[in-house]
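Undergrad: Okay, here's the structure, questions in a sec.
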Amino acid sequence: MANLESGEEVTIAKKANGKWGIFLRLKGYDEPFDIGRELKTEEMAEGWVDTTECNNLIDQFITKYRGKA
């Protein structure tokens with residue numbers, strides 16, 4: 001998994017449009033970040049979280065937003 005610190009996490013949740021999204025919760029922010037990827041099923045989302053593409057995207061969010069809240 002990406003370089004998450006204690007209290008930070010990646011979650012999968014169903015969005016209002018019926019698709020599944022990947023969310024990143026960082027310390028200092030009230031709401032998690034939607035990393036922008038939507039998948040048709042929860043299983044597809046769970047599989048995608050383990051990919052290099054997902055980890056790279058999460059690392060980009062961490063670099064951009066961690067410690068800036």
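The values are calculated or read from the model by the stated rules, or taken from the named source; none is laboratory data. Since this is a predicted model, take the numbers as computed values, not measurements. Please note: Cβ atoms are built from the backbone with ideal geometry, for glycine as well, and neighbour counts cover all protein chains shown. Please note that ligands, DNA and RNA were not included when accessible areas were found on the heavy atoms of the full protein model with its side chains. Shrake-Rupley method; radii C 1.70, N 1.55, O 1.52, S 1.80 Å.
Undergrad: Modelled label-to-label distance, Glu53 and Ile35, 7 Å Cα→beta-carbon offset: nm?
TA: 1.2
Undergrad: Measure off, as a whole percent, the carbon and sulfur share of the 1.4 Å-probe accessible area of the chain, all protein chains present.
TA: On the way: 2070 of 4430 Å².
So the carbon and sulfur contribution to the accessible surface is 47 percent.
Undergrad: I would also like to ask the following. Taking the solvent-accessible surface of protein heavy atoms with a 1.4 Å probe, what is the per residue accessible area of the chain in Å²? Walk me through the intermediate numbers first.
TA: Numbers: 4430 Å² over 69 residues.
With all protein chains present, the chain gives 64 Å² per residue.
Undergrad: Can I ask one more? Using only Cα atoms and rounding to the nearest 10 degrees, what angle (0 to 90) does helix 52-65 make with the longest principal axis of the chain?
TA: 40
Undergrad: For the pair Lys68 and Glu43, what calculated FRET efficiency results from E = 1/(1 + (r/R0)^6), where r is the Cβ-Cβ distance and R0 = 22 Å, to the nearest 0.05? The partial results should precede the final answer.
TA: On the way: r = 34 Å, r/R0 = 1.53.
E between Glu43 and Lys68, to the nearest 0.05, is 0.05.
Undergrad: Non-local amide H neighbours of Phe33 (under 5 Å, H modeled in plane, Pro and chain starts lacking H): which ones?
TA: Here the answer is Leu24, Arg25, Leu26, since their amide H atoms fall under 5 Å of that of Phe33.
Undergrad: What shape does the range 17-69 have by the C-alpha gyration tensor, where a ≥ b ≥ c are the square roots of the eigenvalues, rounded means a/c under 1.5, and otherwise prolate means a/b greater than b/c and oblate the rest? Could you put the intermediate results ahead of the total?
TA: Values: a/c = 2.94, a/b = 1.62, b/c = 1.81.
Oblate, since a/c reaches 1.5 and b/c is not below a/b.
Undergrad: Sticking with this structure for a sec: Choose one of Tyr65, Thr51, Leu24: the residue whose Cα lies farthest towards the positive end of the charge dipole of the chain (beta-carbon charges +1 Lys, Arg; -1 Asp, Glu; about the Cα centre).
TA: Tyr65
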